[in-house]
Structures are given as C-alpha cells and as structure tokens.
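Engineer: Attaching a single structure in structure tokens format; questions to follow.
The values are calculated or read from the model by the stated rules, or taken from the named source; none is laboratory data. This one's a predicted model, so the numbers in the text were calculated from it and none came from an experiment. Glycine gets a Cβ as well: all are built from the backbone with ideal geometry, and neighbour counts include every protein chain shown.
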Amino acid sequence: MFKKVLVANRGEIAVRVLRACEERGISTVAVFSDPDRIALHVRYAGEAYHIGPAPSQESYLRIDKIIDVARKAEVDAIHPGYGFLAENAEFAAACRDAGITFIGPSPEAIEKMGDKLTARRTVAERGVPLVPGTEKGLSDSELKAAALQIGFPLMIKATAGGGGKGMRIVHEPEEFSRALGAARREAMGAFGNDEVYLEKFIPNARHIEIQILADSHGHTIHLGERECSIQRRHQKLIEESPSVVVDEALREEMGRVAIAAAEAVNYVNAGTVEFLFDSKENKYYFLEMNTRLQVEHPVTEWVTGVDIVKEQISIAAGRRLRYRQEDIVPKGWAMECRITAEDPFNNFMPNSGTVTYLKEPTGPGVRVESALYQGYEVSLFYDPMIAKLIVWGETRAEAILRMRRALNEYRIGGIKTSIPFHQEIMDSTEFIWGTFDTGFISRRQLVKAKHISPEHERIAAVVATLVAHEEGRRAVHIGEREGVQRSLWKQIGRARAMGGRC
Ligand code: MV4
C-alpha cells in the first residue's frame, strides 16, 4: 500500500481524498496556488507545496510543477480528483514516466474515451447501443449528406469535446451549415481540434450514468446508476441514486453494458459510463465515458456502502476488488445538491466574498462535502461549486423531505449561493413526481432569462399568486412546513398511484 499520496487538486474534492488517505494511514501532500495558501486542504495535508499564482494554467494545470513536487516530497502516488488534470492523458503518462502511480486509468484508456468518435466505435464493437449518427470524421459536404440521412432534429458534437462543449442542436436543414461552422469554430477554440460528428437528437432525454469499478486483475463491477438530468448549461445541479426510471432488470442490463464499455478499453479504476435514456421509447444510448472520479460519487457511496475513493487507492496499489457484483445491493435513496457561489436570482451570476458565517446542516441522513470555513475567501478564480449537500432516505420521498430540511438549515453568510434555487426545485411538482428530463431547468429558466421590466415583474407576481391560489384550491399546494408534509405526501401518493416510483 502507498506510504504517501499527493492530491493534485483543491477545494472539497481535495479534502475528500485527503480524508480517505488519512483513514488509510497514508501520509498526504497538498499543492496550492497563492489564494489557496490558507485553504482547508492545505491545513488538512501532512505537507503542502506552493505551485504558483491563482490562474489554473499557472498552478493546478502545470504538470511539470506537480511532478516536481511529487519527486521532492517522494510520493508513491498522485490522486487527480476531478477536473484540472483528472482526464489528462499526458499527465497520467508523466506520472508513469516519473515512476509515480496515477490513481486512475491508463493514459491509453483516457485517450480512447477522450476522443468521442473513437469511444463510440470502440464500445459499439462490444454491442453497446449508440445514438444513430456518424462514426468517423467527415468533411462539411459529407456531414451535410449524413445530416439528411439522420434526419432532424440532430446534434452536432465536438469529437474532442464532451460535457456539452462545442455542441449544437439543429432543428431544420436550413440551419445546418451555419450551426456546423459555429460548432467547428467553438471546438477549435476549446479543444484545438475542429472535428465534429452528428447524432440524432433524442428529445426529452434523461441523463443516466453507471458507476464502474475495475481492478487490474480483470474484475469489473458496476455500482448501479445515478440520474443527473437536472442540469443547467450542461452543469449538473442535482444528482440522485437510484433513478425513478430504472427498475431492477434495466439496472442489471445497463450495468452489464457499462461493464462491456469499460472492458473495451481495458479500463482500470473508477469510471462512469453516461447514457441518454429515452423515456418514451424506453431505450438508452451510450453518450460518453468519464475516466475519472465524479463530483456526484457520494450518492453512489451512500446507497451501496462503498467508499469509492478508498477503492480507487486500493486498485491503484494493485489490490484485487474486495466486492463481487452480487455484493452490490443498493439500499434506499440518495440525493445531492451542488451548492455554488452563484446568484440564482441574477441568472446564476458567479459571486465572490468572505464567508462571514457558516452553519452546515447535520443530523440523520445528511452529509456535507465542503472546504468552506468561517472567514474563507470565495474567489472567482475557480469553479463556483463551494459545497455538496448529500442526503439519504429509505425512499425518494424521505430523501426529498430530508433535503428540504437540510437546505433550510444551511447558512452561508457573506456570499450569494444556489441554495434558494435548490429549495425551489425540491418544491417543484415535476421534480417530486420524477417526471422531469434534461430540459427541466431550461423550461423553468425561460421566465427568469427573458428581461421583464419591474412593472411587468410585479404584474406577473400578482397573476402568478392568483393562479397559484386558484390551483391551490383545487389540488394540493406547497405552503407552510406542516402543509409541505401533507401536500408532499399527497403528491407522492398520487405519483405512486400514477405508477411513479418514490
Ligand atoms: C444529447 C442529447 C440528446 N440527443 N445527444 C451531451 C453532453 C451532455 N452534457 C449533454 N448531452 C446531450 N446529448 C443527443 N443525441 C441531450 C443531451 C443533454 C442536454 C442537451 C442540451 C441541453 C441540456 C442537456 C442536458 C443533459 C443532456
């Protein structure tokens, strides 16, 4: 087992990995940029090394600096966390060349899954269902011909992309050429590669992903699914496990398919296979494979009882998986809200400032992953996510009620956060009934995004109140706390009666 591990990351995920190492009796090394000199991960690590100024390109993305620290501190392994260099094949190769274990997959697996066309071709050979589309790099004229074959609406996606970058939805043939040019330019700007491919657009899709664990002895298992359809501009906001649209049979089938996708690239360590789920047709399609630990891993940890970070470390140290597939029996329901330093009442404008007051929720079934402390400076240099709030319940209903309670307890003074946004979602009928899809947030944002004059805002508020009052007279309404339990339970009862799963 490793004696010392360097965590090449910051924020909540750095703290998460440091905690796993400490519980395993492994010494730890942190790296930090100028503003992170007094960050929590620096305080929690056994040793800490300065690697540069605030900009990520000068610090957390500097492979040479991180390898230098690893050598100086004589670490056995490096955990990349997520983001930054977590899916950088060059970094994984640099670790290998330096004789330092990269706690993650091989550079080759990262490379293969990072190229979305190679990923599609590779998994298709193992029978993994793909969204109908193009299978190799094509010229503009070939793409135009293919578009007519595939039909509209369709999506243009960047081969070197992922996570929605360089993506365009095209509804009509007339829009295709302009969208193709824009997608190529965006792909070139973001990835230095303007190759794109086409996929038939799956309307009202849900985002279902399968957690994979694979050791270096040929054993690969899955840890069930996560539903991540509540996204805003391709940033996941709320994740849960299990999913209301996945029953036991589908879970087993998607798990087997995800394992096949991982085995297609001789995957080792933790990874996630993303699928698009078409509720209407009850079909699923391979989207991409993420070759890293994901932000939302805690929801899987809670329903399966597996500490995924500790398993990553064990796998990287050459240990055999200690779980067989039959040992993975998910229990209950877990849900995560990503807390960001963004103002939901101002189009999610990122904001910075000092955390003047902090009270994190606790109590039964509540977990907070965060690097916040009272007096911490939230900066605009890094990702706006400042914490993750995860809850567990026997049922989805209990998880929602517990999330409500926890969100109501959460106090972060001094900065604007997305907490009110999550509170609104937890009160939303569509969310409670589980009948949402990936368009859920964009449908809700239409009201907020359009510019409404203050006068119109007031009129809209009066109208909305009258409508809500009228609707409230007929159906159940979300009101004061006791009303919430009664109306929520009624809604859940009705959802169950309608065949929904809660
Ligand atoms: C799609 C899709 C529908 N049809 N592909 C790809 C990256 C991921 N973050 C979102 N992706 C999607 N790919 C096909 N063929 C729907 C999504 C999608 C989505 C698209 C637009 C706006 C929000 C979305 C949220 C989740 C999934």
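Engineer: Read through the list (1) surrounded by fewer than 20 Cβ atoms within 10 Å (Cβ to Cβ); (2) touching a helix residue (DSSP H, G or I) at 6+ places or on another chain (Cβ under 7 Å), then give the number of the only condition that residue 268 fails.
Structural biologist: Of the numbered conditions (1) surrounded by fewer than 20 Cβ atoms within 10 Å (Cβ to Cβ); (2) touching a helix residue (DSSP H, G or I) at 6+ places or on another chain (Cβ under 7 Å), the odd one out for residue 268 is (1).
Engineer: Being over 30 Å from residue 158 (Cα atoms) and among the hydrophobic types (A, V, I, L, M, F, W, C) is the filter here, so list the residues in segment 275-307 that pass it.
Structural biologist: We begin by selecting, within segment 275-307, every residue over 30 Å from residue 158 (Cα atoms); these are 301-307.
Within segment 275-307, 302, 303, 306 qualify.
Engineer: Within segment 418-435, can one find any residue that is outside the structural domain of residue 14 (by TED's automatic domain parsing) and in contact with a Ser or Thr (Cβ under 7 Å, 6 or more places away or on another chain)?
Structural biologist: Within segment 418-435 (the criterion being outside the structural domain of residue 14 (by TED's automatic domain parsing) and in contact with a Ser or Thr (Cβ under 7 Å, 6 or more places away or on another chain)), the answer is yes, since at least one residue qualifies.
Engineer: When the residues of segment 152-191 are narrowed to those that are under 17 Å from residue 141 (Cα atoms) and of a type in the set (Lys, Arg), which ends up nearest to the ligand (Cβ to nearest atom)?
Structural biologist: Only one residue fits best here, namely 157.
Engineer: Could you please give the count of residues in segment 250-270 that are within 27 Å of residue 439 (Cβ to Cβ) and not basic (Lys, Arg)?
Structural biologist: Going through segment 250-270 one residue at a time, the tally reaches 7.
Engineer: Now for a separate question. Please verify whether residue 263 is within 28 Å of residue 80 (Cβ to Cβ) and over 20 Å from the mean Cα position of the chain (by Cα), treating the condition exactly as stated.
Structural biologist: Spelling it out, residue 263 is indeed within 28 Å of residue 80 (Cβ to Cβ) and over 20 Å from the mean Cα position of the chain (by Cα).
Engineer: Run down 238, 202 and say which single residue is within 16 Å of the ligand (Cβ to nearest atom), in a loop (DSSP other than H, G, I, E, B), surrounded by 20 or more Cβ atoms within 10 Å (Cβ to Cβ) and not acidic (Asp, Glu).
Structural biologist: On inspection, the qualifying residue turns out to be 202.
Engineer: Testing residue 330 on (1) surrounded by fewer than 16 Cβ atoms within 10 Å (Cβ to Cβ); (2) assigned to a loop (DSSP other than H, G, I, E, B); (3) in contact (Cβ under 8 Å) with a residue 24 or more places away in the chain; (4) of a type outside the set (A, V, I, L, M), one condition comes back false. Which one is that?
Structural biologist: Looking at each condition in turn, residue 330 falls short on (1).
Engineer: Can you confirm whether residue 24 is without any contact (Cβ under 8 Å) to a residue 60 or more places away in the chain, among the basic types (Lys, Arg) and either out of contact with any helix residue (DSSP H, G or I) (no Cβ under 6 Å at 6 or more places or on another chain) or assigned by TED's automatic domain parsing to the domain that holds residue 383 (or both)?
Structural biologist: For residue 24, the condition - without any contact (Cβ under 8 Å) to a residue 60 or more places away in the chain, among the basic types (Lys, Arg) and either out of contact with any helix residue (DSSP H, G or I) (no Cβ under 6 Å at 6 or more places or on another chain) or assigned by TED's automatic domain parsing to the domain that holds residue 383 (or both) - is not met.
Engineer: Restricting attention to segment 2-16, and to residues there that are part of a helix (DSSP H, G or I) and of a type in the set (A, V, I, L, M, F, W, C), which single residue is nearest to residue 77 (Cα to Cα)?
Structural biologist: Within segment 2-16, the match that is nearest to residue 77 (Cα to Cα) is 14.
Engineer: Could you say whether any residue in segment 209-226 is touching a strand residue (DSSP E or B) at 6+ places or on another chain (Cβ under 6 Å), on the phi < 0 side of the Ramachandran plot and within 14 Å of the ligand (Cβ to nearest atom)?
Structural biologist: For segment 209-226, residues touching a strand residue (DSSP E or B) at 6+ places or on another chain (Cβ under 6 Å), on the phi < 0 side of the Ramachandran plot and within 14 Å of the ligand (Cβ to nearest atom): present.
Engineer: Restricting the first residue to segment 199-218 and requiring it to be in the same structural domain as residue 253 (by TED's automatic domain parsing) and of a type in the set (A, V, I, L, M, F, W, C), which pairs with a second residue that is assigned to a loop (DSSP other than H, G, I, E, B) and more than 16 Å from the ligand (Cβ to nearest atom) meet a Cβ separation below 7 Å and a spacing of at least six or different chains?
Structural biologist: Qualifying pairs under 7 Å: 208/246; 212/267; 213/321; 214/267; 214/268.
Engineer: Restricting attention to segment 402-424, does a residue exist that is under 22 Å from residue 330 (Cα atoms) and surrounded by 18 or more Cβ atoms within 10 Å (Cβ to Cβ)?
Structural biologist: Yes, the conditions are met somewhere in segment 402-424.
Engineer: I'm told residue 194 meets every condition in (1) in a strand (DSSP E or B); (2) away from the ligand (no atom under 16 Å from the Cβ); (3) over 19 Å from the mean Cα position of the chain (by Cα); (4) under 26 Å from residue 165 (Cα atoms) except one. Can you identify the failing condition by its number?
Structural biologist: (1)
Engineer: Continuing with this model, one more query. Could you run through segment 49-60 and say how many residues are closer than 17 Å to residue 79 by Cβ and touching a Phe, Trp or Tyr at 6+ places or on another chain (Cβ under 6 Å)?
Structural biologist: 1
Engineer: Applying the selection to segment 410-458, what residues are at pLDDT 85 or above, part of a loop (DSSP other than H, G, I, E, B) and farther than 21 Å from residue 226 by Cβ?
Structural biologist: Within segment 410-458, 410, 414, 415, 416, 417, 427 qualify.
Engineer: Looking at segment 52-90, which of its residues are over 25 Å from residue 111 (Cβ atoms) and either without any contact (Cβ under 8 Å) to a residue 12 or more places away in the chain or not in a helix (DSSP H, G or I) (or both)?
Structural biologist: Within segment 52-90, 52, 53, 54, 55, 73, 74 meet the criteria.
Engineer: Please go through (1) away from the ligand (no atom under 13 Å from the Cβ); (2) under 24 Å from residue 418 (Cβ atoms) for residue 142 and return the number of the only condition it doesn't satisfy.
Structural biologist: Going through (1) away from the ligand (no atom under 13 Å from the Cβ); (2) under 24 Å from residue 418 (Cβ atoms) one by one, residue 142 breaks only (2).
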